[in-house]
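Some notes on the structure that comes next.
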Amino acid sequence: MEAHIAPSLLAADFARLGEQAAAVHNADWLHVDVMDNHFVPNLTIGPQVVADLRRATGLPLDCHLMIDDPDRWAVGYAELGACNVTFHVEAAADPVATARALRAAGTLAGLAVKPGTPLEPYLEILPEFDTLLVMTVEPGFGGQDFIPGVLPKVTEARRRVESGHLKLIIEVDGGVNDETIEQAAAAGADMFVAGTAVFEADDPAGAVAALRAQAAAAQPPSGPSLRRDTDAHRPPGR
Ligand code: DX5
Ligand code: ZN
């Protein structure tokens, strides 16, 4: 298992997104929070900004859709060149069809669950996905406190990956900082979204490197199945 960091642009200066992306040049993915004022009470970025970001940075774009009707809109973000498109299971009418459409469009497919959403009902559809995003705050806003009570979902997903039943990037999002990242890493996450902890640091690239090292040191040792499949777990660029 490796530790990957995805800085969230939600905590960046929206008047300078290109510069802010350049400030985290050493990140693994760049996390782009798309909100529609319906699924969550906040409005952020849409397709035009994602298209412009695609041209402005070489970082793989990790689009996190916090929108209603992702079945209709998700593929559009794949077509704009996102490397991973994650949508919320609570908002999707047909998550399997949407995941298949994303993969067919050449991107990774991600499933997100809010803190109060259990994983059990969706375990059987996880093979359709490349990424599982476990929200560690209520979606909608940055700067909230990490909710450790959701980590059993990370542990369960990691157990299934280790037993060879699944290949998944396990991503945590919300309140991830130098005080919380070790718990998430110990539970088995391998992709860490961090907004405030990166963009409010004096040295955002330094914060990315420090968080990555902290997470890597706290991750449990990988099982044999994971070691065999190392390449499958490396987040691809585009
Ligand atoms: C919240 C977003 C997160 C958010 C994380 O709805 O999905 O990506 O930007 O921000 P921090 O790291 O500040 O909690
Ligand atoms: Zn997010």
Pulled fully out, how much extra length does the chain show between Ala56 and Ala218, if you take 0.36 nm times their separation in residues and subtract their Cα-Cα distance? 55.0 nm
Want the number for Asp145 to Ile125: 0.36 nm per residue separation, take away the alpha-carbon distance, what's left? 4.3 nm
Inter-probe distance in nm under a simple model that places probes 7 Å from Cα toward Cβ, at Asp202 and Thr117: 4.0 nm
Put in order of increasing Cβ neighbours within 10 Å, starting from the fewest, Lys167, Lys114, Lys153 give Lys167, Lys114, Lys153
If each of Lys167 and Ala186 carries a label point 7 Å out from its Cα toward its Cβ, how far apart are those two points in nm? 3.1 nm
Dipole axis of segment 1-127 (+1 Lys, Arg; -1 Asp, Glu on Cβ), positive-most option in Val32, Leu43, Leu65: Val32
Set the Förster radius R0 to 35 Å, insert the Cβ-Cβ distance between Ala15 and Asn37 as r into 1/(1 + (r/R0)^6), and round the FRET efficiency to 0.05. 0.95
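Laboratory data are not the source of any read-out in this text; all were calculated from the coordinates shown. On a predicted model such as this, the values are computed, not experimentally measured, just so you know. With ideal geometry, Cβ positions are generated from the backbone for all residues, glycine too; neighbour counts draw on all protein chains shown.
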